[in-house]
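Participant: This is the structure I have questions about; it appears just below.
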Amino acid sequence: MTTAATPVWDEEVATAVRRLTAAAENDYYNPYQTFDWPERIPEGALWMSEDLLTVHGTAAAAELDREQYLALSKWESINFYSLNVHGIRELLQEVVQRIHAPGYEIPTPFFHHFLGEENEHMWFFAEFCLRYGGRLFPNRAMAFPAEKHSAMLDNFIVFSRILIFEQIVDHFNSRMAADAALPETIRAINRVHHQDESRHIAFGAQLVRALWERLRESGDERELATARQYVQKYLASSIQQLYSVEAYRDAGIPDPFAFRAKVVADPARSAVHASITARTDTFYRRIGVFEQRTV
Ligand SMILES: [Fe+2]
Ligand SMILES: [Fe+2]
């Protein structure tokens with residue numbers, strides 16, 4: 001990963017690792033004793049903030065009766081935590097492959113916190129799904145690219161996937177942690193996750209920035225184009241995964257495939273998608289992966 005001439009991880013990365021490692025040590029908690037797990041989530045409760053539901057703002061929302069609407073909030077909530085479990089398993093595998101491997105000496109101290117905390121997140125998200133939904137929804141994540149790139153581009157792709165995943169999840173976590181309409185258990189898991197993720201996102205942003213700078217210095221236009229396309233493709237596929245056929249089916253919607261197609265294409269959803277990806281978009285513009293807006 002590291003060459004003598006250009007170390008990949010610069011001083012800015014090293015400083016962030018020191019700061020975030022100290023913060024993780026100070027904020028350490030026992031997740032297994034943090035949450036109350038009530039017997040059930042109250043009947044008739046909203047399980048997800050209304051403006052985060054995939055039917056929000058769409059014409060198809062009017063097709064749902066109150067019972068289906070509340071059931072959809074439950075199953076979209078289960079879908080969201082299932083996405084977290086699958087996303088975390090994937091990122092754990094990637095970070096495990098890199099911790100204490102040559103070239104990763106600088107980020108490794110924080111990798112320990114990252115792995116420990118993500119294992120705990122995976123536990124509480126799965127616990128929620130299994131206790132209150134009886135199962136996890138299947139993994140529909142986009143496959144990793146089959147073609148091999150330079151180690152630098154592979155790393156850019158891996159850490160971009162982790163960062164984008166965490167930024168999108170955090171959009172949901174921050175909203176639900178603050179939503180007084182939701183049951184306390186739901187608010188609490190979103191709140192606790194949001195607190196840990198603020199460190200992970202700051203860390204990931206430094207890794208991705210440094211990797212992009214080194215890629216740009218290499219001057220390989222093909223790799224730069226692949227990196228850009230990959231980020232766009234991954235963002236689009238992350239949005240698609242929010243629209244779950246399983247959730248529509250479990251909410252009692254008669255033709256869940258047709259319903260999904262209708263909702264995802266509703267013109268009202270473009271502005272919502274833009275707000276979900278706004279933080280990622282701003283970040284990739286700032287570091288120069290996407291073009292700056294000329295407004
Ligand atoms: Fe997490
Ligand atoms: Fe994380």
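Participant: Given only helices, namely DSSP H runs of n ≥ 4 each adding -39500 (n - 2.57), what is the per-residue ellipticity at 222 nm of the chain, to the nearest 500 deg cm²/dmol?
Facilitator: Using -39500 (n - 2.57) per qualifying helix, the result is -21500 deg cm²/dmol.
Participant: Report the calculated FRET efficiency for residue 216 and residue 28 (r = Cβ-Cβ distance, R0 = 41 Å), to the nearest 0.05.
Facilitator: Values: r = 37 Å, r/R0 = 0.90.
It comes out at approximately 0.65.
Participant: If the reach is capped at under 22 angstrom between alpha carbons, list the lysines near residue 148, excluding any in the same chain fewer than eight residues apart.
Facilitator: Once the sequence-local lysines are set aside, what remains near residue 148 is 233.
Participant: Rounded if a/c is under 1.5, else prolate if a/b beats b/c, else oblate: with a ≥ b ≥ c from the C-alpha gyration tensor eigenvalues square-rooted, which is the stretch 173-275?
Facilitator: Numbers: a/c = 3.18, a/b = 1.39, b/c = 2.28.
Oblate is the answer for the stretch 173-275, as a/c is 1.5 or above yet b/c matches or exceeds a/b.
Participant: Right, something else. Beyond 30 Å, what share of the Cα-Cα pairs of the stretch 48-286 remains, rounded to the nearest whole percent?
Facilitator: 27
Participant: Continuing with the same structure: Which one, 173, 26, 155, has the greatest fluctuation when you compute a Gaussian network model over the chain with C-alpha springs under 10 angstrom?
Facilitator: It is 26.
Participant: Along the three principal axes, how long is the stretch 82-199 when you take its alpha carbons, biggest first, rounded to the nearest angstrom?
Facilitator: Result for the stretch 82-199: principal-axis Cα extents of 48, 29, 21 Å.
Participant: So, one more: Sorted from fewest to most neighbouring beta carbons within 10 Å, what does the list 48, 142 look like?
Facilitator: With the sparsest Cβ surroundings first, the list reads 142, 48.
Participant: Would you work out which of 112, 93, 82 lies farthest towards the positive end of the dipole of the stretch 72-135, given +1 charges on the beta-carbon of Lys and Arg and -1 on that of Asp and Glu, about the Cα centre?
Facilitator: 82
Participant: Springs between alpha-carbon atoms under 10 Å, Gaussian network over the chain: tell me which of 270, 160, 198 tops the mean-square fluctuations.
Facilitator: Its mean-square fluctuation being the largest, the pick is 270.
Participant: Right, something else. Within the stretch 61-100, which residues have the backbone N less than 14 Å from the label spot 7 Å out from residue 139 along Cα→beta-carbon, could you tell me?
Facilitator: Those under the cut-off are 82-96.
Participant: Would you tally the net charge around residue 9, using a Cβ to Cβ cut-off of less than 15 Å, leaving residue 9 out, and scoring K and R as +1, D and E as -1?
Facilitator: -1
Participant: For a label point 7 angstrom out from the Cα of residue 36 toward its Cβ, which stretches of the stretch 173-188 have the backbone nitrogen within less than 19 Å?
Facilitator: 177-188
Participant: Related question: Provide the gained length on full extension for the span residue 97 to residue 265, in nm with one decimal, where the gain is 0.36 nm per separating residue minus the Cα-Cα distance.
Facilitator: 56.6 nm
Participant: What is the extension gain from residue 131 to residue 67, computed as 0.36 nm multiplied by their sequence separation minus the C-alpha to C-alpha distance, in nm to one decimal?
Facilitator: 21.0 nm
Participant: Of 138, 62, 227, which is farthest towards the positive pole of the chain's charge dipole, taken about the Cα centre with +1 and -1 on the beta-carbons of Lys, Arg and Asp, Glu respectively?
Facilitator: 227
Participant: May I ask you to list, by number, the DSSP H helices of the chain whose Cα span along the axis is at least 18 Å and whose average Kyte-Doolittle hydropathy reaches 0.0 or more?
Facilitator: 151-177
Participant: Quick check: from the Cα gyration tensor, does the stretch 25-66 come out rounded (a/c under 1.5), prolate or oblate?
Facilitator: oblate
Participant: Shifting gears a bit: Return the single residue from 71, 146, 62 with maximal mean-square fluctuation; model: Gaussian network over the chain, springs between Cα atoms under 10 Å.
Facilitator: 146
Participant: With charges only on Cβ, +1 for K and R and -1 for D and E, what is the dipole size of the stretch 48-286 about its Cα centre, in debye, rounded to 20? Walk me through the numbers before you get to the answer.
Facilitator: Values: 26 positive and 31 negative charges, 63 e Å.
Once rounded to the nearest 20, the dipole reads 300 debye.
Each reported figure results from applying straightforward, stated rules to the coordinates on display, with no laboratory input. No experiment lies behind these values; they were computed from the predicted model shown. All Cβ positions, glycine included, derive from the backbone under ideal geometry; neighbour counts span all protein chains shown.
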